[in-house]
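A short reminder: the numbers here are calculations on the coordinates, not readings from a lab. Values in this document were obtained by computation on a predicted structure and should not be read as measured data. When we count neighbours, we look across all protein chains shown, and the Cβ atoms used for this are built from the backbone with ideal geometry, even at glycine.
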Amino acid sequence: ALAGVVRTFDGHGRTSDGHPVALLANVADAQGADAAVAAGAEGVGLFRTEFCFLGRADEPNVDEQVAAYRTVLSRFPGRKVVVRTLDAGADKPLAYVTADDEPNPALGVRGLRTAVEHPDVLERQLEAIAAAAAAEEADVWVMAPMVATVAETEEFVERCAAHGLGTAGVMVEVPAAALQSEHILAHAAFASIGTNDLTQYCMAADRETAALAGLSTGWQPAVLQLVAATCRGGAARSAPVGVCGEAAGDPALAVVLVGLGVSSLSMTPRALADVAAVLASVDRATCERLAYEALAQPDAVAARSVVRAGIPALA
Ligand code: PEP
Ligand code: MG
């Protein structure tokens, strides 16, 4: 229901007054990378590498990993590809790193936390990412999932540097990381907000529980406050902040995220055209005003309706 806007995407996301917003794709494999290219994605904002590992009883060796990563990198010569290190645990258990007796897996040893007990798995993955990056022309950025502290950030960035991976960042999916983003971004080159998990942990609502869908939305003003805090941390350190959760693929919410200061949006390839069209229909000052209004609302329903009413293409 996009009134009066042409749904085409020429590969350059921007507002109507020319403020650039990189529109990137979330991919997990070669087919996803092909879909991203076909949809005009400027690059990849989230390469979910755990999908190369899921369903396996044992860890793929470095050569197998290099081959899997190269299939995605090869489709984006000269373009940014943000490779996320293994995000195992909770909704994505992996036989060889995930304990099966955790009482509360979503709050357990998942994401980067698995590297404490299995540092070798992360080492081999970074070795494979570095080899794949050296063999391809893509501009490879690396980021860790489920980072909560500055110390985790420092250690991850150091380990990346040891492999020659110079652009290392973190996902902001834990409210603590959003609130500490200025300190985190003193070490990390960038942050990418995972709104799916950030919403889950902000609202204390399991993202898999359909009955909690009303709580589990990036329109929650409390979630938007955490996005705003992350953007303030990024601005203080001149570090880019992107969003790679589902929120980035909701055109009206994308307008709010840009207004809060996010400089790239990464989404499922099929969402790119609508997000590009709606962004191109509003100027940056409108994004900022609507973001301010959304933050001021008492709840998610009110935030969504006030923003949609302020976007002629969606009203
Ligand atoms: C997120 O949590 O928003 C995210 C992008 O990561 P995933 O959905 O893979 O957990
Ligand atoms: Mg996540």
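The lone criterion from (1) within 20 Å of Q200 (Cα to Cα); (2) touching a strand residue (DSSP E or B) at 6+ places or on another chain (Cβ under 6 Å) left unmet by L73 is number (1).
Can you tell me which residue in the range 239-253 is farthest from ligand 1 (Cβ to nearest atom), limited to those that are within 17 Å of W141 (Cα to Cα) and not β-branched (V, I, T)?
A239
Run down A303, A273, A277 and say which single residue is buried (at least 22 other Cβ atoms within 10 Å of the Cβ), touching a residue at least 24 places away in the same chain (Cβ under 8 Å) and outside any loop (DSSP other than H, G, I, E, B). Criteria check complete, one pass: A303. The residues of the range 169-200 that are assigned to a helix (DSSP H, G or I), within 13 Å of ligand 2 (Cβ to nearest atom), buried (at least 22 other Cβ atoms within 10 Å of the Cβ) and not small (G, A, S), listed by number, are T195, D197, L198, T199, Q200. Candidates in the range 227-251 are the residues that are among the aliphatic types (A, V, I, L, M) and crowded, with 24+ Cβ neighbours inside 10 Å; of these, the one that is farthest from V44 (Cα to Cα) is V227.
Sub-6 Å Cβ pairs linking a first residue in the range 165-178 that is more than 13 Å from T153 (Cα to Cα) to a second residue that is assigned to a strand (DSSP E or B) and more than 12 Å from ligand 2 (Cβ to nearest atom), at least 6 apart or interchain, are L165/V142, ordered by first then second residue.
Among residues of the range 233-268 being assigned to a strand (DSSP E or B) and under 22 Å from A39 (Cβ atoms), the one that is nearest to the chain's Cα centre (by Cα) is V243. Hey, any hits in the range 50-59 for a residue that's assigned to a loop (DSSP other than H, G, I, E, B) and within 16 Å of ligand 2 (Cβ to nearest atom)? Yes.
Looking across G261, G234, G242, one residue alone is closer than 18 Å to V170 by Cα, touching a residue at least 24 places away in the same chain (Cβ under 8 Å) and touching a Ser or Thr at 6+ places or on another chain (Cβ under 6 Å). It is G242.
Scanning the range 71-95 for residues that are within 23 Å of F156 (Cβ to Cβ) and not in a loop (DSSP other than H, G, I, E, B) returns V72, L73, K80, V81, V82, V83, R84, G89, K92.
Scanning for something touching a residue at least 12 places away in the same chain (Cβ under 8 Å), surrounded by fewer than 15 Cβ atoms within 10 Å (Cβ to Cβ) and more than 26 Å from W141 (Cβ to Cβ), does the range 97-116 turn up at least one residue? No, there is no match, as no residue in the range 97-116 is touching a residue at least 12 places away in the same chain (Cβ under 8 Å), surrounded by fewer than 15 Cβ atoms within 10 Å (Cβ to Cβ) and more than 26 Å from W141 (Cβ to Cβ). Restricted to the range 201-224, and to residues there that are farther than 28 Å from E155 by Cβ and part of a helix (DSSP H, G or I), the residue that is farthest from ligand 1 (Cβ to nearest atom) is A211.
Consider A36 carefully, then state whether it is within 18 Å of the chain's Cα centre (by Cα) and either in a helix (DSSP H, G or I) or on the phi > 0 side of the Ramachandran plot (or both). For A36, the condition - within 18 Å of the chain's Cα centre (by Cα) and either in a helix (DSSP H, G or I) or on the phi > 0 side of the Ramachandran plot (or both) - is met. In the range 133-150, the residue that is nearest to V62 (Cα to Cα) out of those that are more than 16 Å from ligand 1 (Cβ to nearest atom) and under 21 Å from the mean Cα position of the chain (by Cα) is A133.
The single condition from (1) part of a loop (DSSP other than H, G, I, E, B); (2) more than 16 Å from ligand 2 (Cβ to nearest atom) that A148 fails is (2). The set of residues in the range 98-112 being hydrophobic (A, V, I, L, M, F, W, C), in a loop (DSSP other than H, G, I, E, B) and in contact with a Lys or Arg (Cβ under 9 Å, 6 or more places away or on another chain) is empty.
Which of the residues belonging to the range 153-168 are outside any strand (DSSP E or B) and either under 16 Å from V241 (Cα atoms) or within 15 Å of ligand 2 (Cβ to nearest atom) (or both)?
T153, T167
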